[in-house]
Each structure stands twice: as C-alpha cells, then as structure tokens.
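Just below is one structure, and these are the notes that go with it.
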Amino acid sequence: MRIAVLGAGSLGTIVGAYLAAGGMNVELIDTYEAHVEALNQTGAKVVGTTDFQAKVKAITPENKSGKYDLVLLLTKQLYNDSILQELLPFLTDDSVVCSLQNGIPEKNVASIVGAERVIAGSVEFGATFIEPGVSSLTTEYTQFKKYAFQIGELNGETTERIQRIKSVLDLVGGTHISDNLVGTKWSKLLINNAFSGLSAALNGEYGDILDSEIGIRSAVYIADETIKVGHANGVKFAEMIGFDIASLELKDQKDVPERIQTLRVIMEPSRLLKASMLQDLEKGRKTEIDYINGVVPKMAEGTGIATPFNDLVVKLVKSAEDSQTVPDFNVNIKAFEELLNS
C-alpha cells in the first residue's frame, strides 16, 4: 500500500513517523520546504509526552508522482478545492481519501474526489509544531495509544477497506471504527469549538481554559450551543473516548457546575494542547474558524437557537486575523465574562 500524508504539519509529522516506523510505504507531503528538508535529513522527531524519532520520506506537493492507494488528508479546509483538484491525477479508481480534517468537510471532499473514494475520520489527539522536523505530542501517551482516531464509511457500513485502513492507523495509535460518522464529526467539532476556539480567541493552552472559571464556564455554553444546533439538524452525537458527548447539554442552569466538572475531567489529558488556529494567528495566517465555531451559527439559521458564545469566539478570532495580532487573554476573557453576566 502506498500512502500519502497530505499536510505534514503538527499532526501529520506524528502520523507519518509512526507509519514509517511500522514499515509502511509513506510519503509526507507539505509546502514548508525547510520542514520537508529537515524530515528527509534527520527524520521525524516526536517530543512532548513521548520521545520518538523515525526516518521518513518527505516531498513538496509539486513532487507528487505515481498513484496513492491511501491519502490521509490533514491540510486545512481553507485550501481543499485546489489541493484536492491537484490530487486527482495521483488517484486510482480504488484509491481512498481519508479526511482527518477538523470540522465537517466530507461533503466538499466527496464532491471533488468522488464519494466512493471517501472515508471520514476524526483525530483524537493533539500536537504542536515545534520546528522543522519536530512535532510535540500534547496528549498523554497512554491515551494517544488507546484513542488516536475514529474512522468510518460515509454510509456507516463496516467494510473490508475500513478494516484495512484501521490496521494501518493502528500503527499510529488506537483506531476505532464508527458506524455514525456524522455523529463522530459533530462530537469532535464540539470539542474543537469549546477548546480550540477558546484557545485561539483567548491565546492560551487548553489548561488555561480548564483553570479559568470564566473560560471553562464559557466552554460549557459553547458545547451546549453545539449540541442543541446539532440535534436541531438531526445529528446523533457519537461517544468519544467512551464518553456520551450529548450528555453535556444543559437542561437548565443548575447543570452548569456538574458540566464544568465533567469537562475538566475529560479534557485534563489534553491540557498542554494549543489550538492550531492559535498557532496560525501567531504566524499571521488565516484560521479555520469559519469551519469550526462558525459552523454552529450557520447551521442554527432557521432553528431559533441562539449561539452567542460561538459567535463571540468567531468575532474575536476574526478580529485577530484582521489586525494580524495575537489575542490578549486578560483582555478577551473579559468579553466572555460580560457575556456570562448578560
């Protein structure tokens, strides 16, 4: 099997390292030339909650060649149209494109490469890009090895090819097959909304949100908005790490303290994670905020459901994008405090 990791950033570097170490024929593809050069010269190094290094092959996109049996899509949704069009000549009729992107990109991916080629997935571990050739695993190693991915066919069937891809991804970390891909993606979206969104809007690691009473309370309301909007659109949220994500919905305000405690427990292993959107802001790049928190207000249209906390996250991140600045935690946390008190 010939594999491409398309988008060898913080996550892709780790994925590529473990696949290569597992004996897979894998190419890491990325536009960052210094990173590609470092990967080829010294290998992919994983630091953080583990210490691991593997020899890998890396190329820039214009150097793709031949055909790929499996493409692990880890680029940002912002660039899907052009990236996927460029990928088409390197696919066979039986090639599989496994979307491991944030948000819910499958419909768009399928419209370009063909629905029959698409398997969707959810990455359940965190990473931070350190420097060319080096990525930091920010999820506890034991959890990473137990829960790294959820994958599934778009129709929910358990097929031979999904089993085959599971066996490949198991070389990286624990991979679980989902028969409710839409629910899986929405569950991951909820976590991204509540923590990646706040991480970018506030300029902090997940731990900073967990330790802030205003931050964690805001995360509870972001999760509640996401669940209510998902339910209004017929979504059945899938379990994540054995946890019923939909149970985070607020029935009334008395539930808030319990939801805060629950989020603190389930997110504690990820406290070192810094959102990729915040890393984008630090580099002066455009983020995926429209495909993360921005999905909720868009999907809420016509439902009568208010989404003020997701709206605020989008507003603050876009403001930072427009001004080419990084948010100030102490300043932006006040905006959430005002919203909580309104």
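The values are calculated or read from the model by the stated rules, or taken from the named source; none is laboratory data. Here the structure is a predicted model, which means the values were calculated and not measured. Backbone-built Cβ (ideal geometry, glycine too); neighbour counts: all protein chains shown. The accessibility values were calculated without ligands, DNA or RNA, using every heavy atom of the protein model including side chains. Shrake-Rupley method; radii C 1.70, N 1.55, O 1.52, S 1.80 Å.
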Unique residue being more than 21 Å from the chain's Cα centre (by Cα), of a type in the set (Gly, Ala, Ser) and within 13 Å of residue 201 (Cα to Cα) when the list is 276, 342, 319, 323: 319
Residue, nearest to the chain's Cα centre (by Cα), within the stretch 125-136, restricted to residues that are at pLDDT below 95 and closer than 25 Å to residue 23 by Cβ: 125
Residue within the stretch 300-307 that is open to solvent by 20 Å² or more (accessible area, probe 1.4 Å) and under 17 Å from residue 196 (Cβ atoms) present: no
Conditions (1) within 30 Å of residue 235 (Cα to Cα); (2) touching a Pro at 6+ places or on another chain (Cβ under 6 Å); (3) not polar (S, T, N, Q): number failed by residue 314: (2)
Inter-residue pairs, beta-carbon under 9 Å, first in the same structural domain as residue 135 (by the TED database) and in the stretch 40-57, second basic (Lys, Arg) and open to solvent by less than 70 Å² (accessible area, probe 1.4 Å), 6+ apart: 51/45; 52/45; 53/45; 54/45
Of all residues in the stretch 142-171 being polar (S, T, N, Q) and free of Cβ contacts under 8 Å to residues at least 40 places away in the same chain, the one that is least open to solvent (accessible area, probe 1.4 Å): 159
Entirely in the stretch 39-124, the strands (runs of 3 or more DSSP E) that have 2 or more residues that are at pLDDT below 95 and out of contact with any Asp or Glu (no Cβ under 9 Å at 6 or more places or on another chain): 118-123
Residue check, residue 76 closer than 21 Å to residue 44 by Cα, basic (Lys, Arg) and open to solvent by less than 60 Å² (accessible area, probe 1.4 Å): yes
Qualifying positions in the stretch 193-218 - among the polar types (S, T, N, Q) and open to solvent by 10 Å² or more (accessible area, probe 1.4 Å): 196, 203, 212
Hits in the stretch 172-182 (condition: at pLDDT below 90 and either within 15 Å of the chain's Cα centre (by Cα) or buried (at least 23 other Cβ atoms within 10 Å of the Cβ) (or both)): 178, 181, 182
Given (1) part of a loop (DSSP other than H, G, I, E, B); (2) modelled with pLDDT of 95 or more, index of the condition residue 284 fails: (2)
